[in-house]
Amino acid sequence: MGRARITPPSIPADLVPRRSLMEVLDRGDERALTLVSAPPGYGKSLLLAEWARSRSSVPTAWVNVEEDDEDPRRFWGSVLSALCACPGVPADSRLRRLVVSRTSVDLEFVADLVDALDALPTRLRLVLDDAHNLVTPEALHGLQTMMCSPRPRLRLVLATRRDPVLPVARMRLEEQLCELRAEDLRFSAEESASLLERNGIRLATEQIAVLHERTGGWPAGLRLAALQLRNRTDAASAIASFSGDERPVADYLVGEVLVRLSETERQVLCSTSICDPVPARLAVELSGRQEAAELLDRLEHDTGLVVGVGRQRSDYRVQQLLRSYLLADLRRSGPDRVAELHRRAAVWCSREGHARAALHHATRAADSDLMNDLLRRWAAELTARGEHDTLLRAISTTNRNAAGRQETSRQVGDDALRAVISAHRHLTLGDRDRAAAEIAGARRSLRSGADAEVVHLLLATEQLGRLGDTVRDETELPDAPECDDPALAAISLAARSSARLAAGAVGAARGDAQLALQSARRLGLDLLELQCLCLISSAAWAVGDYRAAAAAGLAGTRAAALGGWEDSVWAAGLHAVSAHAALMRGQPEYALGAAQEGLRTRAAQADPVTRFALRVARGGALSDSGDLTAGLLELQQARAEVGGVELPDQLTATAALLEHRCAVSSGHLTAAAATASWLSEQGVGRFELVLMRAWSEAATGAHHNARAVVRPLLAEQSRSVLPSTVIEAALLDAAAALRNGDHVSARGALHVALNRAEKLDAVRPFARAEPEVRALLVDQLGDVGEHHTFAYRAFISDGRSHPAQSVRLSAREREVLEQLPSLRNLEEIAGHLAVSVNTVKSHVRAIYGKLGVSSRRTAVLAAHEQGLLV
């Protein structure tokens, strides 16, 4: 018996240690069988050789099983020789007296061998390398006898290219199996880098990542790549050209891998190599063999060359270098064969709803008619998913192919479809000018008899982005077209919502957007979902439903992050609406954060309307946080930057009111007058201009005039552009009435403001109200325990940062103070706190003294200003 048959392979100098794998092997010490199963080139033998040498406390007997070990006598002779050569077998062991028969190996020999192993004084390992060569029933039956139960003195280790015909599944269930598979043996990215470095090859991180991806972590593939790189001075080109079709790699794949496959297996792998991964049912379609799925499943189980992926593991992925060899071999069979396979794949993928894959294969098939059909089927859906680049690449590539063949009839989707998709893409990026130019080009390119789908998509894109003339009257809007394509119907609904919103039909716009959103979520149209949430939030803000606007804004920004649309104009718009809604809800810090987030998007730099909305929100948030100077400057700069760009009426009025109020509060009445003039020039906001005039009158002390100016606005509440205008007017009226000593009218105006504001969740007007009005608001607080009430939120909403508390109250004084905003009298407060009324009176006097006030109302106001009430 030659020593090579019973000697582990030598360890190469560039061996990469696999410590984690050795730990797995160590943990399987008590298992009946250790199985290391993977295709050629995964380092099975080297791993076990290194393990045997580094774990020398347990002696190892090693057998290299060869192909001619089909003769069981030869195999068992090798096993016996390896055991006798093992230092763990003493000289007097019965193993040394066993002899393999020259005629056959009977059960008596195997039984004697097992008994002799059990009688050993120490435990040893028996490693059978290349155990896939064991195919005879005698050899396999003998192995099964050896591992039918855990042997106290033997650990059986098999290294094989496929699972042996042994009860592996049962042993796994009984926890008697320690196993390592191809996925365990693949090199990690760090191990790939280590192997290259040990071969003297130093590459950039990106280059190592490319090699690791291309080889799939296959150790043999990485070693072949290292050999290639050693002989090349240009590493970049060597990496770019490295594939399974290179001669050294191809020789290895043919000699070590493909030679062991049947003709049917090779044919199925070759015909399915155009897909990665390949669904099982598509494998049947491409190979023309009904058993293709079962064959791929068997290859996964037996060889590890194929790996099942996906939730149901019904898609299969072939080792990348092997796949690249198979692809090259397929191309050598002729372009017609390759094109036909891609054509089949395109039709199947389209039928199964895999739009992107269908276009990919149709492009490779270079079939213009097929591509036309697929584009008509999938253009709307892919647009609504945001797959603009996929569509544009497909059209461009196919038209180039058609031009190369000098085809002039029915070139793909003509220029109109390409322009519409490009317009949608530019619109998403916030470049409205280029989007409008593309739409104009699409209209010029429309031929008579153009596909209705293209026309509908063009109209929808134009309406969604408001790229045409703004329609001011809803009755002038065209009806949404009837579409068989559910994706196109959903886009058309969203487009009509956008057009209705621009025309002022906010309720109808909101309804259309909600319906479109339901369809988008049902169909998985990510970009359309984001667009619908942007429309819903904008419509909610326009009618003053600030809670709904904030909720839709939050949902939209999350959807943008999940879909990778953080830089889109829709995400920027959602940040803008979120900021404005937060501003109206008395949350200036949140508003400032949302505005800053939106301004960081690329779309905000490209779209002037969105950028203006974000800067206005930022200016209002700075002002409401107490920095009037910075807020006013931001608002003025935003207005100067936007120039003559057409703005939505609500945004124009909002910007003007924020800037005017900030200017008045800062004492800059000239700047306030300039803001009013700008709003007047825009031709919108007649009642907002009335409010601004009243603010100016009040700022000069003419409170009687302010009331006179604002009364018509209160009488015609529904005619203002902004729902919050009447709240501001009512609060101004309340303040002026208090200044004139008319407390009855002041309370009435405050009630008007509270009732209207609570419906809208508009807290901000109260935060900016005069101190006298905030004092009057104390009477509306009710039970202090009801901190969630709108009146309480309005009271604590001044938005300013409170100074450090200079007043020190005892614990009991704090309890009494927290009861003062309520409507309870002192006797009721005493009962609530379970103390005497005299105790409460003593604490109240102490609180008044510490706060420097003389009444319950002023105590509440002072405590809030000190940050003692929140």
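The values are calculated or read from the model by the stated rules, or taken from the named source; none is laboratory data. What you see is a predicted model, and the numbers here were worked out from it, not measured in a lab. Positions of Cβ are generated from backbone atoms using ideal geometry, with glycine treated the same way; all protein chains shown enter the neighbour counts. What goes into the accessible areas is simple: the full protein's heavy atoms, side chains included, and nothing from ligands, DNA or RNA. Shrake-Rupley method; radii C 1.70, N 1.55, O 1.52, S 1.80 Å.
Structure summary
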| quantity | calculated |
| --- | --- |
| Unique residue being open to solvent by less than 70 Å² (accessible area, probe 1.4 Å), touching a residue at least 60 places away in the same chain (Cβ under 8 Å), charged (D, E, K, R) and farther than 30 Å from R351 by Cα when the list is E256, E213 | E256 |
| Some residue of the range 192-204 being at pLDDT 90 or above, in a helix (DSSP H, G or I) and in contact with a Gly (Cβ under 8 Å, 6 or more places away or on another chain) | yes |
| Test: L592 is in contact (Cβ under 8 Å) with a residue 24 or more places away in the chain and under 21 Å from A539 (Cα atoms) | no |
| Unique match (being touching a Cys at 6+ places or on another chain (Cβ under 9 Å) and of a type in the set (F, W, Y)) among W76, W62 | W62 |
| Answer residue from the range 137-179, given it is of a type in the set (G, A, S) and open to solvent by 10 Å² or more (accessible area, probe 1.4 Å) and is modelled with the highest pLDDT among those | A169 |
| Members of the range 55-107 that are more than 18 Å from L154 (Cα to Cα), open to solvent by 60 Å² or more (accessible area, probe 1.4 Å) and under 57 Å from the mean Cα position of the chain (by Cα) | E66, E67, D68, E70 |
| A762 in a helix (DSSP H, G or I) and open to solvent by less than 50 Å² (accessible area, probe 1.4 Å) | no |
| Listing of helices (runs of 4 or more DSSP H) fully contained in the range 1-109 that carry 2 or more residues being at pLDDT below 90, touching a helix residue (DSSP H, G or I) at 6+ places or on another chain (Cβ under 8 Å) and of a type outside the set (F, W, Y) | 72-85 |
| Residue within the range 548-558 that is part of a helix (DSSP H, G or I), in contact with a Leu (Cβ under 9 Å, 6 or more places away or on another chain), open to solvent by 40 Å² or more (accessible area, probe 1.4 Å) and closer than 26 Å to V645 by Cα present | no |
| Per-region count, the range 529-547, residues of a type in the set (D, E, K, R) and surrounded by fewer than 24 Cβ atoms within 10 Å (Cβ to Cβ) | 2 |
| Residues within the range 310-328 that are closer than 25 Å to D245 by Cα and either of a type in the set (D, E, K, R) or within 31 Å of the chain's Cα centre (by Cα) (or both), tallied | 9 |
| Filter result for A591 (of a type in the set (A, V, I, L, M), within 31 Å of the chain's Cα centre (by Cα) and in a helix (DSSP H, G or I)) | yes |
| Hey, D526 open to solvent by 20 Å² or more (accessible area, probe 1.4 Å), among the charged types (D, E, K, R) and within 21 Å of the chain's Cα centre (by Cα) or not | yes |
| Within the range 423-439, tally of residues that are surrounded by fewer than 21 Cβ atoms within 10 Å (Cβ to Cβ) and either at pLDDT below 90 or acidic (D, E) (or both) | 2 |
| Residues satisfying the stated conditions in the range 224-247, i.e. closer than 20 Å to S273 by Cβ and either touching a helix residue (DSSP H, G or I) at 6+ places or on another chain (Cβ under 6 Å) or polar (S, T, N, Q) (or both) | L224, S241, F242, S243, G244, D245 |
| Residue in the range 633-649 that is surrounded by the most Cβ atoms within 10 Å (Cβ to Cβ), counting only those that are closer than 17 Å to G619 by Cα and under 36 Å from the mean Cα position of the chain (by Cα) | L635 |
| Members of the range 833-870 found to be at pLDDT 80 or above and crowded, with 17+ Cβ neighbours inside 10 Å, listed by number | V840, H843, V844, I847 |
| Residue count, the range 700-737 (criterion: among the charged types (D, E, K, R), farther than 19 Å from E758 by Cα and modelled with pLDDT of 85 or more) | 2 |
| Helices (runs of 4 or more DSSP H) wholly inside the range 229-307 containing at least 1 residues that are in contact with a strand residue (DSSP E or B) (Cβ under 9 Å, 6 or more places away or on another chain) | 263-271, 280-287, 292-302 |
| Scan of the range 717-757 for residues that are surrounded by fewer than 16 Cβ atoms within 10 Å (Cβ to Cβ) and within 13 Å of A794 (Cβ to Cβ), ordered by number | H751, N755 |
| Restricting the range 608-622 to residues that are open to solvent by 10 Å² or more (accessible area, probe 1.4 Å) and out of contact with any His (no Cβ under 9 Å at 6 or more places or on another chain), the residue that is nearest to A572 (Cα to Cα) | R611 |
| Residue in the range 591-599 that is modelled with pLDDT of 95 or more, open to solvent by 50 Å² or more (accessible area, probe 1.4 Å) and of a type in the set (S, T, N, Q) present | yes |
| Pick from the range 765-782, criterion part of a helix (DSSP H, G or I), more than 13 Å from R793 (Cα to Cα) and open to solvent by 10 Å² or more (accessible area, probe 1.4 Å), ranking: modelled with the lowest pLDDT | D779 |
| Per-region count, the range 449-484, residues at pLDDT 90 or above and either more than 20 Å from R425 (Cα to Cα) or among the acidic types (D, E) (or both) | 1 |
| Subset of the range 650-691 [more than 16 Å from V726 (Cβ to Cβ), open to solvent by 40 Å² or more (accessible area, probe 1.4 Å) and part of a helix (DSSP H, G or I)] | S665, L669, T670, A673, A674, S677, S680, E681, Q682 |
| Selected residue [touching a Pro at 6+ places or on another chain (Cβ under 6 Å) and over 22 Å from V36 (Cα atoms)] from V100, V105 | V105 |
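Condition check ((1) touching a residue at least 12 places away in the same chain (Cβ under 8 Å); (2) touching a strand residue (DSSP E or B) at 6+ places or on another chain (Cβ under 9 Å); (3) aliphatic (A, V, I, L, M); (4) within 26 Å of A762 (Cα to Cα)) across all residues:
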| residue | (1), (2), (3), (4) |
| --- | --- |
| I491 | yes, no, yes, no |
| A505 | yes, no, yes, yes |
| L525 | yes, no, yes, no |
| Q531 | yes, no, no, yes |
